[in-house]
Amino acid sequence: MGFWSNFWGFVKKKIDQYDEEKKAVIKVQDWEDVREYNPLAIATTKMTSLVCDEATVELQTDSTLVEPLKPLADDLEAKRYEICSTMCGKGGVFVTMATGEDDEPYHRIIAPADVSVYRMTADKMYEVAMVIDKKIVNHREYRLVRHHILDENGTLYVYYYTTDKSGNEEYLAEWEHYKNDNVAYYNANNIGVAYYKSPQDSRGLSPVWGVPLNFGCEEVEQSIKTARNNLDEEMHLMKTKLFADETVARKIGTKDGERFDLPEGIYTIRKKAGVDGTLIDSFAPSTRYNDYKQKLTDAKADWEDMVGLDRGFLTEAEHTAGATATEIRTANTKTRSFVKKIQSAMFYGIKATLEADAVFLNIPLDLWTVMVDFFDAFVDEEAQYQRIANAVDRGVLEKEDELKWLYPNMTDEEIADKLARISATQQTNTDQALERILAGQ
């Protein structure tokens, strides 16, 4: 009883300390904010597409011991969009292996707010608690926590317990069986959790944890909000107003008497005696729409500059009709650089995730290599392949180089085998063509 009392006191203290550390990060618009225009969500969606479209995750191995890890590599490939968008929108994301009701392993994606890191040295974590499930019972929130501790001998201990929203110990019958799942993994040397850190520059304010894409954009996001409100107000004020003579307006009876039956934007006027004029006058105020629209565009452009992106995420993309591939790449230099940084963060996160998975599956790390192939949206692949094919024809490159470009995940042995089959097919075709020529003679 004394152990658990001391343990809970330690956990509560660490939770409070960790929460205070997270408050030090400057507040900007939340990625999950759906109540109003959200530039971060818009940019994150487009960035995730540029980073993850056509990306593949593959394990290279000659060992059958690695087979249980391959479905988990496929699972990471399937969840790459969710992982990437959370990393960009929240500044980071935690991923760990879990098992479903059928005992099949999969990856659980956990937002930073549901994770407490109690002890780490440099970038290596030694103690982590994660909320892996939440339930509301009788208007009370219960949380299932998985607690990882990596000791100095390289042994990983995994505990489960239930808390309330504030981190106090609670009891929930349907989660009691998890306490029997407390396990020790020997010679692990891994915390069993991977952290994907956003590459956005925190300017030294958050050296350990990542920051979202819009870090430091609080002022410019307020400018966007103000500009949009001004534009909406201007659109309302610029509506044409009609003023009709009371003699041409229809009246309807109400319980309080009579009133004019007029649609919005039409008002009655009483014409003064001896005043000439039409029965209906209009008032169409001059609009400052274009001025306000430009102000909004400028604010969005400021946001793109603050984040480190080229035009086209919040603002309209620059006109590229007739532009060459080189010109398009040049116009997207900052964005291309940012995409590559996020792809690098994704690669190291995926690698760390599979290494953590290998601990739970007892698979040696030296039996496999992870390959993550990303698609470059800014490369004209058809033109690039044509240059490679021409170089092969001129003898500047070898056929192996062409195949390696076409099939980047192929091993040298597979490429050699494919070349042999291509050569055999070409020889067969040549022989058949020669036979036809001879037969014709």
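The values are calculated or read from the model by the stated rules, or taken from the named source; none is laboratory data. Being a predicted model, the structure only gives us computed values, none of them experimental. Cβ sites come from the backbone with ideal geometry, for glycine too, and all protein chains shown count toward neighbours. For the accessible areas, the whole protein counts, side chains as well, though only heavy atoms, and no ligand, DNA or RNA atoms are used. Shrake-Rupley method; radii C 1.70, N 1.55, O 1.52, S 1.80 Å.
The residues listed here are 76, 72; of these, the one that is modelled with pLDDT of 95 or more, more than 17 Å from residue 52 (Cα to Cα) and either more than 12 Å from the chain's Cα centre (by Cα) or of a type in the set (D, E, K, R) (or both) is 72.
Under 6 Å between Cβ atoms, at least 6 apart or on separate chains: pull out the pairs that start in the stretch 393-418 with a residue that is of a type in the set (A, V, I, L, M, F, W, C) and end on any residue that is surrounded by 14 or more Cβ atoms within 10 Å (Cβ to Cβ) and at pLDDT below 75. What qualifies is 397/391; 405/388. For the stretch 309-357, a residue qualifies if it is modelled with pLDDT of 95 or more and of a type in the set (Gly, Ala, Ser), and the qualifying residues are 344, 345, 349, 352, 356. Out of all the residues in the stretch 391-412, is one or more open to solvent by 50 Å² or more (accessible area, probe 1.4 Å), among the acidic types (Asp, Glu) and at pLDDT below 75? No. Within the stretch 112-132, at least one residue is open to solvent by less than 60 Å² (accessible area, probe 1.4 Å), in contact (Cβ under 8 Å) with a residue 12 or more places away in the chain and more than 22 Å from residue 208 (Cα to Cα).
When you check residue 189 against the structure, is it touching a residue at least 12 places away in the same chain (Cβ under 8 Å), open to solvent by less than 50 Å² (accessible area, probe 1.4 Å) and outside any helix (DSSP H, G or I), yes or no? No, not satisfied.
Considering only residues of the stretch 157-173 that are in contact (Cβ under 8 Å) with a residue 24 or more places away in the chain and either part of a helix (DSSP H, G or I) or not small (Gly, Ala, Ser) (or both), which is most open to solvent (accessible area, probe 1.4 Å)? That would be 165.
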